[in-house]
Structures are given as structure tokens and as C-alpha cells.
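Trainee: Here you go, one structure.
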Amino acid sequence: MSADPTAALRRRLDWLALPPESFLKLCERTNFQASGPGGQKRNRVLSAVRLEHPPTGLRAEGKSRREVALNQSDALQKLRLQLALEAAALIANQAERDPAILRAQLPDTWPVFRAKINPDHPEFPNAAFLALAGLAAAEGDLAPAAQQLGISTSAFVRFLKLSGPVLQRARDLRGRFQRPPLL
């Protein structure tokens, strides 16, 4: 990680703002033979995909499907979500977490937050970052974080629960600010 957390955050936000196909070009791809249960024809071809983003060292795998393209898509989504979680952690570690300053740092191509989004949607990592950054800015308080995003508190909690890693990061954030854990 860079010595300047603001520059590191800016780079991660720029990478997240890229369309998934452009971000994929920045990654190193490896096909491999996945192990485990799955019935006939599993483990017979190199259909699993491992992606690594060299600038950050983040890695993700897609291996639950038979088709290489679908596994690559899964790995890319996981990798982008890891990047979003890392960017949110950088926000949480900053002393200045003003939402207005955060919005000013976002690239122009950043998508608008949508609470009703499937975790498989390409914009989900961006939405997860906004939700977690808003939660950090609100010092773990759900109501102000939801208000910043223009949604109800219950919709905000439902969004956080869409993804296990996002929910865990939200729990960690709330614990950091001595807030009760999300159930």
C-alpha cells in the first residue's frame, strides 16, 4: 500500500470506476483445474479462473461453473468487491470522513447508488463502497449513513446483508465505533 493513503484511495476509486472489461485488462489471468465435488465432468478441463490485480496484489477465483467465461465473470466480480472493501477500509482509517469530501473524490464516471441491486451486478462493488464509506463517515450509525444515500435505514441494512463480506466489513466498522453489531 502507498505511503499516502489519499493517493492509494484515489487509485482504487479510479480502478473501480472503470468498466469491468477495462479493469479485466489490468489483471493477470490463470486458468486451472478446480477440485472438489460437482458431478461428472468436473475437474476434467481448465475451466476455473484465477485473476490477480498486480498493483494491489489482490486475487480472486471463479470455479463453481463449467464455463470459463462465467468463472471469469465471477472472479472479476469478487476481485472488484475486494477492491471496494479495501477502498472502504482506507476511508475508515482516515481522520477526515466528510461525505462531501468523499463525493468530490469520486471519479466522474462513478455510478449512482442503488439499494436494490443484485450482488452479481457489475455496479455492486461500487455501491458496496458507497455504503461502507457512508457508514464510516457516520461513525457506524446506520440512520445518518442511510440518509446520506437517500434510502431508509431498513433498506440500508438489507443492502449490507446482500453480501457476506460487505456485512462483515459493516460489522467491523460498527464495532470500531462501539456500536452494537448487526445481526
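Trainee: Can you tell which of SER154, SER163 is among the hydroxyl-bearing types (Ser, Thr, Tyr) and free of Cβ contacts under 8 Å to residues at least 60 places away in the same chain? Lay out the reasoning, then the answer.
Mentor: Values: SER163 fails: free of Cβ contacts under 8 Å to residues at least 60 places away in the same chain.
Only one candidate qualifies: SER154.
Trainee: Within segment 97-137, count every residue that is aromatic (Phe, Trp, Tyr) and either assigned to a helix (DSSP H, G or I) or surrounded by fewer than 16 Cβ atoms within 10 Å (Cβ to Cβ) (or both).
Mentor: Within segment 97-137, residues that are aromatic (Phe, Trp, Tyr) and either assigned to a helix (DSSP H, G or I) or surrounded by fewer than 16 Cβ atoms within 10 Å (Cβ to Cβ) (or both) number 2.
Values in this text are rule-based calculations from the coordinates and carry no lab data. What you see is a predicted model; the values in this text were computed from it and never measured. Reconstructed Cβ throughout: ideal geometry from the backbone, glycine too, with neighbour counts over all protein chains shown.
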